[in-house]
Amino acid sequence: MLLIMDNSVESSSSLFPVRLSVVLPVRNGEPYLRNQLRALASQQCSFPWEVIVVDNGSTDGSAETAKEFEGDSPNLQILSEPRRGKPYALNAGIAVARGELLVLVDADDEVGDGYLEAMGRALEKYELVSASIDTKRLNPVWARAEIAPADRLVLLLGFRIYVPGALIGIRSSACERIGGFATDLSMGEDVDFTWRAQLLGITTGLAPDAILHFRRPPDAWGNFRRARRYGRAFVRMYVRYRDLGQPRRGLGEFVGYVRWMLTEALRGGDHWQWTFAWWAGHLEGRLEESLRQRVWFP
């Protein structure tokens, strides 16, 4: 079920062809949504583009916030996808996107200057691209550790390259081949999407000049919860891809992980709880989902 919340915007924007479509799913995105929309509205591009905000059942006024930018963001559409789940919201936005290029962003991050132009250039060479992550601008000092190298893509879980959902740029033709995001996944949908792309032979690369300012949870509890979701997703990916060659985590890896985690906790330091919460959440998520799925992937 897809509801168009602003028919006048859609009708007027359909008169103007666009090359790139930004898809922004949001559910209860306050207070950060306005910052992301402002960053998008300030983009300077050599090609026409549009922004598609998909409200995924928000109760905090996110849709009203998006409407504030109707005069600032080019060809802005605001949609409603009441079926809960990010895959539904992404697929809804992709379904109405008119650009041959798609850029997916999250409500709590902020795109850097020239982001869309850089993503567009990279998509001329590759069918699927990842942006580069900056963790410094939006996070306190203790949460600024590098998430991924700025100059290369990395293998996830010893199987395939992973492009985080907040960094994805993809040609619409490639997205059609992949078949969109899997709606039977409540987590890890971006891992599954990019792995399916590579199994189909879709070319994947990096847009090094496209900088996304990534926001991390500011407190230990929020960090724990996010890490727990990632841990559970990793187990689900193993169940989904083990027959295609994804390796299983061994007992030695598990023991080493626990030993390292405890060593870091004993070492202490400023805000050690925030870092410890991440690794503890990851571990709990993997153990929890391993029991649920009846597999060994801790």
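List of remarks:
- Less than 5 angstrom separates the built amide H of Asp72 from none of the residues sequence-distant by 5 or more or on a different chain.
- Full-extension gain in nm, Arg137 to Glu288, via 0.36 nm per residue minus C-alpha separation: 51.0 nm
- The charge dipole of the chain, taken about the Cα centre with unit charges on the Cβ atoms of Lys, Arg (+1) and Asp, Glu (-1), comes to about 1320 debye, rounded to the nearest 20.
- Estimated FRET transfer efficiency (Arg83, Ser42; beta-carbon r; R0 22 Å; 0.05): 0.10
- In terms of its C-alpha gyration tensor, segment 57-201 has a rounded overall shape, because the principal axis ratio a/c (a ≥ b ≥ c, square roots of the eigenvalues) stays below 1.5.
- Among Ala148, Ala97, Ala118: highest mean-square fluctuation, GNM of the chain, C-alpha pairs under 10 Å: Ala148
- Kyte-Doolittle mean at least -0.5, axial Cα span of 20 Å or more - DSSP H helices of the chain: 251-267
- Alpha carbon convex hull of segment 185-264, volume per residue in cubic angstrom: 154 Å³
- Taken one residue at a time, the phi angles of segment 100-113 give Karplus couplings (6.51, -1.76, 1.60, θ = phi - 60°) of 6, 10, 10, 10, 9, 9, 9, 6, 9, 9, 9, 6, x, 4 Hz. Gly and Pro are set to x.
- Qualifying trypsin sites (Lys or Arg not before Pro) for segment 57-92 [loop in DSSP, other Cβ within 10 Å: at most 14]: Arg83, Arg84
- Surface accessible to a 1.4 Å probe, per residue, for the residues of the chain, Å²: 46 Å²
- The chain - percent of accessible surface contributed by carbon and sulfur, probe 1.4 Å: 52 percent
- Asp113 sits among other residues whose Cβ lies under 13 Å from its own Cβ, and their net charge, with Lys and Arg +1 and Asp and Glu -1, is -2.
- Stretch gain in nm, segment Asp219-Phe254, where the contour uses 0.36 nm per residue and the Cα spacing is subtracted: 10.0 nm
- GluC sites (Glu not before Pro) within segment 101-169, DSSP loop, no more than 12 other Cβ atoms inside 10 Å: Glu146
- The packing ranking, built from the mean of other Cβ atoms within 10 Å per residue, places the peptides 87-95, 279-287 in the order 87-95, 279-287, highest first.
- Residue-by-residue Karplus 3J(HN,Hα) for segment 154-168, coefficients 6.51, -1.76, 1.60, Hz, glycine and proline x: 10, 7, 10, 6, x, 10, 9, 5, 10, 10, x, x, 6, 10, 6
- Residues whose placed amide H lies under 5 Å from that of Val22, excluding near-sequence neighbours: Glu50, Val51, Ile52, Val103
- Charge dipole of segment 45-103 (Cα centre as origin; +1 on each Lys and Arg Cβ, -1 on each Asp and Glu Cβ, all else neutral): 300 debye, rounded to the nearest 20.
The values are calculated or read from the model by the stated rules, or taken from the named source; none is laboratory data. These figures come from a predicted structure and were not determined experimentally. We place every Cβ from the backbone using ideal geometry, glycine too, and count neighbours over all the protein chains shown. What goes into the accessible areas is simple: the full protein's heavy atoms, side chains included, and nothing from ligands, DNA or RNA. Shrake-Rupley method; radii C 1.70, N 1.55, O 1.52, S 1.80 Å.
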